[in-house]
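Right, one structure below, let's go through it.
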Amino acid sequence: MMYVVPCVAALLLIKLFDISALTGNSECSSCTSATFPAVIVLFVLFGLAICPFTYCLSFLFKEHAAAQTFTLKINFLVGVVLMIVSYILDVIESTESVNAALKFIWRLSPLFDLGNGLLSLVLNELDTLQDGTTEKKSPFSTDLMGAEMIYLVLTTFLFSAVVLAIDYDVKIPGLRRTNTPDRSIDDGKLDIDEDVAKEAQRVTSGAANDDAVKIAGLRKVHPGGKVAVRDLSFGLKRGECFGFLGINGAGKTTTMKMLTGDVAPTFEF
């Protein structure tokens, strides 16, 4: 929903300044009645694609501030800079055919699709004025914005699938063996309190199946073999008030992150 405001603002500015190549007004010799509706469709499809694309980038960072800063830089690079580079390659006759092939890769960037789609409309108007032709191309054709629209639809599903795969840690055995630390790491000899052992036995025996909250064998092993949470098991009955206490480094934060889905557990029953 946050994208709606800048999207509407951008479309209003295009109309306000009456950019003929984008609004399709009477001054545009290459435009059709579908020009501005096509621009609206392009912006909508861009919004659908850029959200999962940016979400994918966020997985590369641990700090929110760093994620925001570098995401802006990456978007500028794969959007504005890439569009300018592509335009220059198109202008140079010897690299035009190379860029035509590279565009299949460039279009994986939603920002490139938006910028290149709008640029195509403007360049088409300039070419029409220069050549003096009366032929009018549909803005939905692949010669103008059609290819970019197709890529925006495809990348919406592609990046959404990647986000879901990372968020839900797809159950592919080979992938999990590669990315998940070995849960069989020896914890050493541990002195387990009697009440802790009794609660774990209650959970594993099935006596806690009717509890409002049930955690069985929750475990987290960080890369390098550091065990953050060791086979945590407990159940909470309905109406109980639960206090989650422990010394620093006991694994409280890691446990809550696993329960809220912020990080994936190494193992759970």
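The values are calculated or read from the model by the stated rules, or taken from the named source; none is laboratory data. In this text the structure is predicted, and so the values were computed from the model without any measurement. We place every Cβ from the backbone using ideal geometry, glycine too, and count neighbours over all the protein chains shown.
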Quiz item: Across region 72-105, what is the number of residues that are of a type in the set (Gly, Ala, Ser), more than 23 Å from the chain's Cα centre (by Cα) and surrounded by 15 or more Cβ atoms within 10 Å (Cβ to Cβ)?
Solution: 1
Quiz item: Going by the conditions given, is LEU72 closer than 24 Å to THR23 by Cα and either outside any loop (DSSP other than H, G, I, E, B) or among the aromatic types (Phe, Trp, Tyr) (or both)?
Solution: no
Quiz item: Assuming CYS51 fulfils every condition listed in (1) farther than 24 Å from ILE166 by Cα; (2) at pLDDT 90 or above; (3) in contact with a helix residue (DSSP H, G or I) (Cβ under 9 Å, 6 or more places away or on another chain) apart from one, which condition is it?
Solution: (1)
Quiz prompt | Considering residues of region 106-149 that are hydroxyl-bearing (Ser, Thr, Tyr) and assigned to a loop (DSSP other than H, G, I, E, B) only, the residue surrounded by the fewest Cβ atoms within 10 Å (Cβ to Cβ) | solution = THR134
Exercise. Among the candidates PHE43, PHE17, single out the residue that is touching a residue at least 40 places away in the same chain (Cβ under 8 Å) and either outside the structural domain of THR134 (by the TED database) or under 16 Å from LEU118 (Cα atoms) (or both).
Key: PHE43
Self-check item: Test result for PHE36, out of contact with any helix residue (DSSP H, G or I) (no Cβ under 7 Å at 6 or more places or on another chain) and part of a helix (DSSP H, G or I)
Solution: no
Exercise. State which residue is surrounded by the most Cβ atoms within 10 Å (Cβ to Cβ) when the search covers only region 223-241 and only residues that are under 18 Å from THR260 (Cβ atoms) and in contact (Cβ under 8 Å) with a residue 24 or more places away in the chain.
Key: VAL229
Quiz item: Would it be correct to say that ALA161 is assigned by the TED database to the domain that holds VAL80 and either exposed (fewer than 12 other Cβ atoms within 10 Å of the Cβ) or over 22 Å from PRO37 (Cβ atoms) (or both)?
Solution: yes
Practice problem: Please enumerate the residues belonging to region 78-98 that are closer than 22 Å to PHE53 by Cβ and at pLDDT 90 or above. | Solution: VAL81, LEU82, MET83, ILE84, VAL85, SER86, TYR87
Quiz item: Among the listed residues THR32, THR23, THR69, which satisfies the condition of being in contact with a Lys or Arg (Cβ under 8 Å, 6 or more places away or on another chain), of a type in the set (S, T, N, Q) and surrounded by fewer than 17 Cβ atoms within 10 Å (Cβ to Cβ)?
Solution: THR32
Quiz item: Is it the case that some residue within region 9-20 is in a helix (DSSP H, G or I), at pLDDT below 90 and either surrounded by fewer than 17 Cβ atoms within 10 Å (Cβ to Cβ) or small (Gly, Ala, Ser) (or both)?
Solution: yes
Quiz item: What's the number of the condition TYR168 fails, among (1) of a type outside the set (Asp, Glu); (2) modelled with pLDDT of 90 or more; (3) under 25 Å from ALA49 (Cα atoms)?
Solution: (2)
Practice problem: For PHE43, indicate whether it is assigned to a loop (DSSP other than H, G, I, E, B) and either of a type in the set (Phe, Trp, Tyr) or touching a Leu at 6+ places or on another chain (Cβ under 8 Å) (or both). | Solution: no
